[in-house]
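Here's the structure, in structure tokens; my notes come after.
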Amino acid sequence: MPFHGLPGRLSEIRDRIEAARARGGHGQDVRIVAVTKTHGPDAVAAAAACGLGDVGENKVQEALDKMAAVTVPVRWHLIGHLQRNKAKAATRFALVHGLDSVRLADALARAATEAGTVLDVLVQVNVSGEASKSGVAPAEVAPLAAHLATLPALRVRGAMTMAPYDAPEGVLRACFAGTRAARATLVAEGHEHAQALSMGMSGDYEIAVEEGATLVRLGTILFGTRGE
Ligand SMILES: *Cc1c(COP(=O)(O)O)cnc(C)c1O
């Protein structure tokens, strides 16, 4: 049976999150987004059976296929880089984590308006400045936030980041703290619902929670290696 060790692993992860939350002292609630990319619909079912109601996918088409095959009710998070021509499909998600430009914001707002909904989004921040990563530079957060304030079809729920892979702890902390600062900028620009901090993956979620993460995106430690 696939994913048979999931309940035990999840229980340990929840303990670790709780300990990190206490150490960090930010007092936030933390939710796990189960990253099911490359796995089949059975991974979503296994997650839901353990009480994980939030599922993350990084590719739109793969997510849509899985949505069609999954019968349990879960909240679908789009966690990967999003191209403007996929904006319409993005309205199928409960939360879009990768908003990283004015042009994408405009495309998403248009799609949400056409769909008759308000779309929840997170502003992705590239704190470390790695060229390989999406996200706006910290200095671009305020101008993007000002533009987003003109788009009522989008509701800014907070900030998201991907930390450099395998970086030293100090680099990770700076990245997460910078994302926390970006969230403060969003709030200061009038986005009162910008309370979420989506940061932390299998390798760095404890540090992320210490730094205030409210959503940790976990794949490998829940479902095993992906063989990508
Ligand atoms: C794949 C992915 C994750 C999960 O990564 P793991 O290291 O397997 O936990 C988290 N966030 C994003 C954006 C991803 O693409």
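Every number in this text was worked out from the coordinates using simple rules, so none of it is lab data. Fair warning: this is a prediction, and the values are worked out from it, not measured in the lab. Heads up, the Cβs are rebuilt from the backbone with ideal geometry, glycines too, and the neighbour counts pull from every protein chain shown.
Can you tell me which of 42-51, 168-177 comes out highest on packing, and rank the rest after it, using the mean Cβ neighbours within 10 Å? Intermediate values should be presented prior to the final figure.
Values: 42-51: 18.5, 168-177: 15.8.
Packing proxy ranking, top to bottom: 42-51, 168-177.
Can you tell me the FRET efficiency between Val171 and Ser11 if r is taken as the Cβ-Cβ distance and R0 is 35 Å, rounded to the nearest 0.05?
Efficiency, from the Cβ-Cβ distance: 0.70.
Quick one: if you take sqrt(5λ) for each eigenvalue of the C-alpha gyration tensor of region 116-228, what semi-axes come out, biggest first, whole angstrom?
Semi-axes (√(5λ), whole Å): 25, 16, 13.
May I ask for the net charge around Val60, where only other residues with Cβ less than 9 Å from the Cβ of Val60 are counted and Lys, Arg are +1 while Asp, Glu are -1?
Summing Lys/Arg as +1 and Asp/Glu as -1 gives +1.
Can you give the extra length, in nm with one decimal, that the chain gains between Asp42 and Asp29 once fully stretched, where that is 0.36 nm per residue apart less the Cα-Cα distance?
On the way: separation 13, 0.36 × 13 = 4.68 nm, distance 2.74 nm.
Here the answer is 1.9 nm.
Mind ranking 25-32, 143-150 by how tightly packed they are, going by the mean number of other C-beta atoms within 10 angstrom, highest first? Please report the intermediate quantities before stating the final value.
Numbers: 25-32: 14.6, 143-150: 16.5.
In descending order of packing, they fall as 143-150, 25-32.
Using only the Cα atoms of the chain, what semi-axes does the equivalent ellipsoid have when each is the square root of 5 times a gyration tensor eigenvalue? Give whole Å, largest first.
In descending order, the three semi-axes are 26, 23, 15 Å.
Ignoring everything except DSSP H segments at least 4 long, calculate the 222 nm mean residue ellipticity for the chain; use -39,500 (n - 2.57) per segment, divide by total residues, nearest 500. Please list the in-between numbers first.
On the way: 9 runs with 94 residues, N = 228.
That calculation yields -12500 deg cm²/dmol at 222 nm.
So for the pair Asn85, Leu64, with labels modelled 7 Å out along Cα→Cβ, what separation do we get in nm?
1.2 nm
By a straight-distance test (C-alpha under 12 Å), which aspartates and glutamates pair with Lys66 as possible cross-link partners, with residues fewer than eight away in the same chain excluded?
Asp42, Glu57
Could you tally the net charge around Tyr205, taking each other residue with its Cβ under 10 Å from the Cβ of Tyr205, Lys/Arg +1 and Asp/Glu -1?
Within the 10 Å Cβ shell, the charges total -1.
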